[in-house]
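The structure appears below as structure tokens.
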Amino acid sequence: MESVKSIVGRHGKDRTELLAMIRDIQASRGHVPPEAMTELAGLLGLSEADVEGVVTFYHFFSLAPVGSYAVYLNDSITSRMSGRSAVARAFEEAAGCRFGGTTADGRIGLHDTSCIGMNDQEPAAVINGVVFTRLTPDAARNLVAAMKAGTPVSDMVRDLGDGANQSELVRAMVANNIVKKGPVLFGPFASGSAVRKAAALKPEGVIDEIKKANLLGRGGAGFPTGLKWEFCRREKGPKRCVVCNADEGEPGTFKDRVILTELPRLVFEGMAVAGYAAGAEEGILYLRGEYAYLKAHLEQVLEDLRREKVLGKSISGVKGFNFDIVIRLGAGAYVCGEESALIESAEGKRGEPRDRPPFPVQIGYLGRPTTVNNVETLAAAAQIVAHDAAWFKSMGIPNSTGTKLLSVSGDCARPGIYEIEFGLSVRELLDLVGGTDAQAVQVGGPSGNCVAPKDFGRKIAFNDLATGGSIIVFGPHRDLFEVVRNFLEFFVEESCGWCTPCRAGNVILLRKFDKIASGKASRRDLEEIESWGKLIKATSRCGLGQTSPNPILTTLKSFPELYEARVRKDAGFVPEFDLAAAAAAGCEAAGRTFACEETDHE
Amino acid sequence: MSEIKFMIDGRECTGRPGQTIVQAARDNGVYIPVLCDYDGLKPVGSCRICMVRVGGRIQAACTQPLAEGMVIENDVPDLKDMRLAILEMLFVEGNHMCPTCEKSGNCELQAMAYRLGMTAPRYPFQWPDRPAEAADAKIYMDHDRCIQCQRCVRAIQTKDGKRIFASRDRSGRVRYRLDRHLGSKLSDETARKAMEVCPVGVILKKEVGFAVPIGKRKFDAKPIGSDIEETARR
């Protein structure tokens, strides 16, 4: 087993590589033992409590052994809709342990995890970094048998996916499921053409072109990309930084995974263009831990691009155009999709958002002015520079120019990746994907909007239904309360815990929701859950808490009748406390029946 | 040094560049209720009690830099209820038993509840299981009372910048831990400082208790924030 000292040395004894060091310790030892943390802390000049804080922040790091084979089975709503519970039961029965635990011999561990970016091929799991998709109870039993036989995880992979998923460096079961190709992401692109054209312009000229194209951030927030680059450029250097946000954690989104699998050159060239425009020579691809299986493939592409002079020193032969990219891996934390939390994580810390101002373009990675852009944004930027702004603006609608990549999953005939022009209505989208009988469509993931049929005329656009790309279709037979509950649980788990409304408030919302769902609510409970949800939105510190009540607030608005049906109209107040249930054990011990008149709370 | 003019609740005030709204308000004798903020420490905006409205937008006054011409709403009914609602979250997410707490009367959470007029929280109590830690020689940590303000993390560090207290875990499971190696090396003075900086009764110095009797403690005499407001009257 590699010593901690050797691991730290291999990562240059650099604190910003702390997550990578912990990842190596976790992988070789099956957990992060206290003595390893003591040693890590000593070598990096940190306190052990500080190192422990980082270890315990990330879902894929653990103080307790997670099993020689650590199964992380996706627990998102789409996974559940695709038969997760039968698969989970098969894993448990075959392995002989429950989810949340490990087998007595420590060989197999079963764990829940948030959406792993495979929503169109659920149920899916990550086992020791290797992705398994479209799991069935039989597949689960076969996997457990292979684990018991000591088979290496990579040898358990069957039926490779399409495209680059079959390449030697990826070898993944993951399917791209590209259903509709569009002209921006999937249009022709000559590698090197974007940096060449950028280099012929002044940096300000590149920014102007992006501004003219009106490219808005594709991660969901929709901030103007040209403006972001300009702000970054205006700050005093000397060092600035470009970060590509590949943390794609919003449940139901998987388009960045497909872009990185099939079009990594476009993304990396977009980063180089951003670097040229913003005056940065340093690029970081922050890749979510769930996509670690793509790392070797991406490293190879980076190597190729350096050889082709698309990255490195004097790009395109232009003196002073220097830009290179390193990859940093996340380790299971949705909040790291928030740009300032991502920067903290890339620095090797807990992924906790920063206060703003100062904004990352002012003080970002290691204090350097930093522009953080989504994978799709950077890919689109490369194409805009390779073509021109007018070409890009000819697609989409005013204020939402160009195309958008959607990740479609749930109850529809053709789940997968769609490159559509902005302005498409939900109804048109449902026709496209084969989901016309939908009772609801979740646009933008749990943090987005639950859209009812009466609103299917609304459009995918920044000023109507904004989305980072997650589209989940719910058929007529689904219980939307189950959907909402799954989303709320997700936010409770993924809150970083920093601020009160998000940390404590989301737990309160979940409990109140359960009270309503169980039919113990009065009208007053509906009023309270709405007002508390608004409070959490208004007072939370970052985007996570500012959107976490959306599952409740948007379904309350779209489907008030579902809530009305659960409310007790006869009571002004219904207590949450169930006296009969609380007294049951005592009554049984005393051999009496419970006899207490329920108080009238009218 | 240039002066910044701003208004709070209709009152004209002046402040200095680099100040946060909380700091500038305080210098003008206006108290903005806040729990996580502490003089001399970098603000973290964690408690969210100090929400004010600036130009129609709700913001945390402890992290928001003061700007020229700001028109700030502070002591208005809807913001007061918002603060109370957040304060009540802190009460239900932990286990707060004032009558048996060493910090009663010196506790800023308790004082804030009196100041904001809290009676019973609007949410159900969560009664979490938060075991205390007593392994350290000098410090006893009662996690039941923690409001996650991170003052200890910020204030108590070694000379070379190592964190002696650090956050552990995430979401509602976050706890502040005393480093097991550095904790045992704390001087009496640092241990006392750690206890003082904690706004509630989490960090307690062992072997001293109730040195000042209840009834003669800081907030027994005057409500929290009144020291700031007195400077305005003077």
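The values are calculated or read from the model by the stated rules, or taken from the named source; none is laboratory data. Remember, predicted model here, so these are calculated numbers, not experimental data. Backbone-built Cβ (ideal geometry, glycine too); neighbour counts: all protein chains shown.
Couple of notes before you dig in:
- Enumeration of residues in the range B:194-232 that are of a type in the set (A, V, I, L, M), within 22 Å of B:Cys152 (Cβ to Cβ) and not in a helix (DSSP H, G or I): B:Val200, B:Val202, B:Ile203, B:Leu204, B:Val208, B:Ala211, B:Val212, B:Ile224
- Wholly within the range A:501-565, helices (runs of 4 or more DSSP H) carrying at least 1 residues that are at the interface with chain B (Cβ under 10 Å from one of its Cβ atoms) and either without any contact (Cβ under 8 Å) to a residue 40 or more places away in the chain or surrounded by fewer than 24 Cβ atoms within 10 Å (Cβ to Cβ) (or both): A:505-517, A:523-539
- With a requirement of 3 or more residues that are at pLDDT 95 or above and within 14 Å of chain A (Cβ to nearest Cβ), the strands (runs of 3 or more DSSP E) lying completely within the range B:102-193 that satisfy it span B:165-168, B:175-178.
- Within the range A:326-352, restricting attention to residues that are surrounded by fewer than 24 Cβ atoms within 10 Å (Cβ to Cβ) and within 11 Å of chain B (Cβ to nearest Cβ), the residue that is farthest from the chain's Cα centre (by Cα) is A:Lys349.
- Within the range A:566-602, the set of residues being at pLDDT 85 or above, surrounded by 10 or more Cβ atoms within 10 Å (Cβ to Cβ) and either part of a loop (DSSP other than H, G, I, E, B) or of a type in the set (Val, Ile, Thr) (or both) comprises A:Arg566, A:Val567, A:Arg568, A:Arg592.
- When the range A:388-421 is filtered for residues that are surrounded by fewer than 21 Cβ atoms within 10 Å (Cβ to Cβ) and part of a loop (DSSP other than H, G, I, E, B), the ones remaining, listed by number, are A:Asp388, A:Ser394, A:Met395, A:Pro398, A:Asn399, A:Ala413, A:Arg414.
- Residues in the range A:59-105 that are within 21 Å of A:Pro152 (Cβ to Cβ) and part of a strand (DSSP E or B): A:Tyr69, A:Ala70, A:Val71, A:Tyr72, A:Leu73, A:Thr102.
- Evaluation of B:Ala24 against the conditions (1) within 14 Å of chain A (Cβ to nearest Cβ); (2) more than 16 Å from the chain's Cα centre (by Cα); (3) in a helix (DSSP H, G or I) shows that the sole unmet condition is (1).
- Residue pairs whose Cβ atoms lie under 8 Å apart, sitting 6 or more positions apart in sequence or on different chains, and linking a residue in the range A:127-149 that is within 18 Å of A:Ser76 (Cα to Cα) and surrounded by 18 or more Cβ atoms within 10 Å (Cβ to Cβ) to a partner that is at pLDDT 95 or above and among the hydroxyl-bearing types (Ser, Thr, Tyr), are A:Ile127/A:Tyr69; A:Ile127/A:Tyr72; A:Val131/A:Tyr293.
Matching residues to (1) among the aromatic types (Phe, Trp, Tyr); (2) under 22 Å from A:Ser540 (Cβ atoms); (3) not assigned by TED's automatic domain parsing to the domain that holds B:Cys149:
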residue: B:Cys36; (1), (2), (3): no, yes, yes
residue: B:Val52; (1), (2), (3): no, yes, yes
residue: B:Thr63; (1), (2), (3): no, yes, yes
residue: B:Gly69; (1), (2), (3): no, no, yes
residue: B:Met97; (1), (2), (3): no, no, no
residue: B:Thr100; (1), (2), (3): no, no, no
residue: B:Lys103; (1), (2), (3): no, no, no
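- Inclusion of B:Met51 among residues that are away from chain A (no Cβ under 14 Å) and either buried (at least 21 other Cβ atoms within 10 Å of the Cβ) or touching a residue at least 40 places away in the same chain (Cβ under 8 Å) (or both) is not warranted.
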